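The block underneath contains the structure these notes are about, expressed in structure tokens.
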Amino acid sequence: MRGVPYHCLPMSTLLVRNATLLATMDAQRRELKDAGLFIRDGFIEQVGPTAELPTQADEVLDLRGHILLPGLVNTHHHFVQILTRAVPAAQNVNLFNWLTTLYPIWARLTPDDVKVATRTALAELALSGCTTASDHLYIYPNGARLDDQIEAGLQMGLRLHASRGSMTLGESQGGLPPDSVVETDAQVLAESRRLVETYHDPKPGALVRVVLAPCSPFNVSPDLMRETAKLARHYGVHMHTHLAETQDEEQYTLQHYGMRPVAWMETMDWLGPDVWYAHSVHVNDAEIAQYAQHNCGVAHCPSSNMRLASGIPPVLKMLNAGVRVGLGVDGSASNDSSHLLAEVRQAMLLARLDAGQRGASLSGEDAPPLMAARTALELATRGGAAVLGRSDIGSLEVGKCADFFAVDLHQLGFAGALHDPLAALVFCAPVQADYTVVGGRFIVKEGQLQTADLPVLVEQHNQAATRLVN
């Protein structure tokens, strides 16, 4: 069935059985041995021990020797950046210099580039166990539109939260991007309205939702921020932006608006349960309390923050305060990878480094807590679903979407670690998924991508990247 968009394929029943361990990530955090799922028309009808499940279905998947988890949720990405991985001039610089190096390259993007980059990024995500991805596309040169990304996303079969990003302050107005790639506020708002009315699906099990997402405080106007908030709340869609990523950003908002980034967002009416921010590296205790009070979400992107030397976000402080936190791989020009399971490991390790730096000489009750493997996995499942405002994904429970991934435990990287397979999935070197399923449909099967011819896709992608960068 390759070449047929996965959203067009017929539904059926799927029986998943004999999983060595099934981690539900439900409210009780149940971990079931020799267990599985019964799925009908894309939703979970039963979860439990194999012996208690039906014995027949249209398709049966035997996961003996595998660990089974909810599909991972990626809360922040820039798919098009996968065309500019490891660009030499951008390898050893911080965020602002990294951006000014890459903006002129991204200004050459075409609609076809957006499509091939989207398919490549989603292929890499799917092979890492991801079933839902939010992308932040904020540059639209040469006729490119968010429609290009949505079309490619439907071909790949993952759930997509397509964020209509924007930049309206060019260099001549004190912003970072070249004037050639910025839009007017009116253009952005008109496109935002069109996209929500055309594509946004609020129903449970939706494959496409639209998010309104001005890029960041230093490349859009205050008027656009305010009008976007009004528009988003009129339509009932979520809002997203970068915030408090670097100290440069903090200096920018202090210089231009006389306040720190979070305080500025409050004046823009950008605090609330329909808002999530990428990064939030440089936030203090009072700002974390504001996030919690207003139920804002945060997309934690550990690899990108390390790659660009941005800093270490206070993730455990946020979690302890009740802030919704998910994981993001961020763009593949500031991470150079779209492996979400690897990001789970990075989140755990970076939080432990942070704890060590804050109390390296302490022991016993005075030592800072260390992030556990299961906490890191929760960020990528339950946490990500909460950040995106979705109650239909993030755990394996009756009535939720049949989104899951499975990994074969009998491989070299897990040798000697099977006394705790769930923790091993995080502590040991990241692996690829053997199965990734979205709505009961196989995206990855026996380690092979089902929705694209991978060698052909890689070749198309490399040709586009070579033309773009050179």
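None of the figures in this text is laboratory data; all of them are computed from the coordinates on show. Everything quoted here is computed from the prediction, not taken from an experiment. FYI the Cβ positions are ideal-geometry reconstructions off the backbone, even for glycines, and counts take in every protein chain you see.
Some observations on this one:
- Computed E for residue 172/residue 391 - FRET, C-beta separation, R0 45 angstrom, nearest 0.05: 0.50
- Sorted fewest first by neighbouring Cβ atoms within 10 angstrom, 453, 248 come out as 453, 248.
- Under 16 Å from residue 400, Cα to Cα: lysines that are on another chain or at least 8 residues apart: 203
- Gyration tensor (alpha-carbon) shape descriptor, the range 389-470, a/c threshold 1.5: oblate
- Note on residue 13 and residue 269: their simple-model spin labels are 5.0 nm apart, each label 7 Å out from Cα toward Cβ.
- Remark: the range 74-387 carries a charge dipole of roughly 700 debye about the Cα centre, counting +1 on each Lys and Arg Cβ and -1 on each Asp and Glu Cβ.
- Contour minus Cα-Cα distance for residue 41 and residue 257 (0.36 nm per residue): 72.6 nm
- The amide H of residue 445, built 1.01 Å from its N in the peptide plane, has 436, 450 as neighbours under 5 Å, considering only residues 5 or more places off or on other chains.
- Positive dipole terminus of the range 29-150, leading residue within 100, 139, 121 (C-beta point charges): 100
- For the range 270-278, backbone phi angles converted through the Karplus equation (6.51, -1.76, 1.60; θ = phi - 60°) give residue-by-residue couplings of 10, 10, x, x, 9, 10, 9, 10, 7 Hz, Gly and Pro being listed as x.
- Fraction of the pair-distance distribution of the chain above 37 Å, Cα-Cα pairs, percent: 22 percent
- Working note: Karplus 6.51/-1.76/1.60 with θ = phi - 60° gives the range 246-257 the couplings 9, 5, 4, 5, 4, 5, 5, 5, 5, 5, 8, 10 Hz, where Gly and Pro are set to x.
- Restricting attention to the chain, close to 45% of DSSP beta bridges with both partner residues there are antiparallel.
- Computed over the chain, the per-residue total of -39500 (n - 2.57) for DSSP H runs of n ≥ 4 gives a 222 nm mean residue ellipticity of -10500 deg cm²/dmol, rounded to 500.
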